[in-house]
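Following: one structure in structure tokens, then a few remarks.
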Amino acid sequence: MNRTRRILAATAVLALAALLAASCCNRKKAAHADAGAVPEENALSAAIDDYFTGEIASHYDAAPHSIPFCDYLEVDDSDPEDILVWGDFWLLNYEQAGDTLKCVSGGNYPGKLHVRKTADGGFDVVSFEQVGDGNQFTPTAKAIFGDKFDAFLKACSDEKQREEVRKSVLAAYVARNDLPVKYYQDYSWPAVQIPASDTTGEIHCDMPDSSSIVYPYKEGSIDELPRFKGGGLDVFYKWVHERVRYVNPEKCISGRATLRFVVGEDGRVSDVEVLRGVDPEFDEEAIRVVSSSPKWKPGKHRGKPVSVSVIIPVSFRIQ
């Protein structure tokens, strides 16, 4: 499949939820969970979403539903004035026809974003280096992604996973906006049902008021987010950090696994899965720790306990 940026007319395929690569080195071993990382990553992700639904969407005819899909390969936040975000980014625009979201336009925008952290703790996208089209795709992609080029190509090749992520993102969007939508459709292709079961892990979306809904962990998605030991995700990160072990020093692996799990209506953690792994042994260690979590105070929506899907990173680093 040609991976160049394209205007969608016949088929739209979407970016992965996340890609976090592992690397080898020969330093002293230690294991870490990124305490406090995800709340800031959520703010960064929101700023990037705003950039695509604003700046990038302005190049298309206005559509009622403009939805970005972002696959972050790597983030370098060592300089808050120039945070670098490499990824494979998509923007798709939809119109609603009855119970179906129909894709009317959109495109693929792989490249590197330059982001600035603001005084209030937010983020602004300053500039965007995009991979070129046609015969410029490979040379510009190599220049922009550098040693991440192979990981970028690997991410682009997994169309099945991209489609699963697409269903997940659309399900969450439909639920958050209370849309009476059950399907999505690309031009000239059959409509596809937005999942009613947890096939993607993000959200059940049969009926917006159904007790089977699993809401995403995001401010504004429900009235009260789940709480862990009286705190938020930062408390849970610390708890994980204190328990995760560097399981096999001989492998000399440094990387970050991305896990997803559900905090149920009873506060119990279930359905723990790896979205992006580091190594099978390390992935199992991350699953072990998260699965052993004590009960949470469940999230609430409209006065009732609800299930909530949470995504966190668990890092293994060599020091």
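Placing +1 on each Lys and Arg Cβ and -1 on each Asp and Glu Cβ, with no other charges, gives the range 113-176 a dipole about its Cα centre of roughly 180 debye.
By the beta-carbon count within 10 Å of each Cβ, the least crowded to most crowded order of 159, 164, fewest first, is 159, 164.
Converting phi to 3J(HN,Hα) with the Karplus coefficients 6.51, -1.76 and 1.60 and the offset θ = phi - 60°, the range 255-262 yields x, 9, 8, 10, 10, 10, 8, 10 Hz in sequence order, with x at every glycine or proline. For the range 37-197, the residue among 152, 194, 177 whose Cα projects farthest onto the positive side of the dipole built from Cβ charges is 194. A cut-off under 13 angstrom between Cβ atoms defines the neighbours of residue 266, and their net charge, with Lys, Arg +1 and Asp, Glu -1, is +4. For residue 106, the amide hydrogen comes within under 5 Å of the amide hydrogens of 8, 93, counting only partners 5 or more places away or on other chains and with H modelled in the peptide plane.
Between residue 60 and residue 245, the simple spin-label model (points 7 angstrom out along Cα→Cβ) gives 4.9 nm.
Once the other residues with Cβ under 10 Å from the Cβ of residue 298 are scored (Lys, Arg +1; Asp, Glu -1), what is the net sum? It works out to a net charge of +3. Taking only the C-alpha atoms of the range 37-197, Rg followed by Dmax gives 16.5, 47 Å.
Less than 5 angstrom separates the built amide H of residue 268 from those of 296, all sequence-distant by 5 or more or on a different chain.
Given a Förster radius of 22 Å and the C-beta distance between residue 224 and residue 43 as r, what FRET efficiency does 1/(1 + (r/R0)^6) yield to the nearest 0.05? Approximately 0.65, to the nearest 0.05. Straight Cα distances below 24 angstrom link residue 229 to the lysines 218, 238, 295, 297, 300, 304, with same-chain residues fewer than 8 positions distant left out.
No lab work stands behind these numbers, since they all come straight from the coordinates. Since this is a predicted model, take the numbers as computed values, not measurements. Note that each Cβ is placed from the backbone with ideal geometry, even for glycine, and that neighbours are counted across all protein chains shown.
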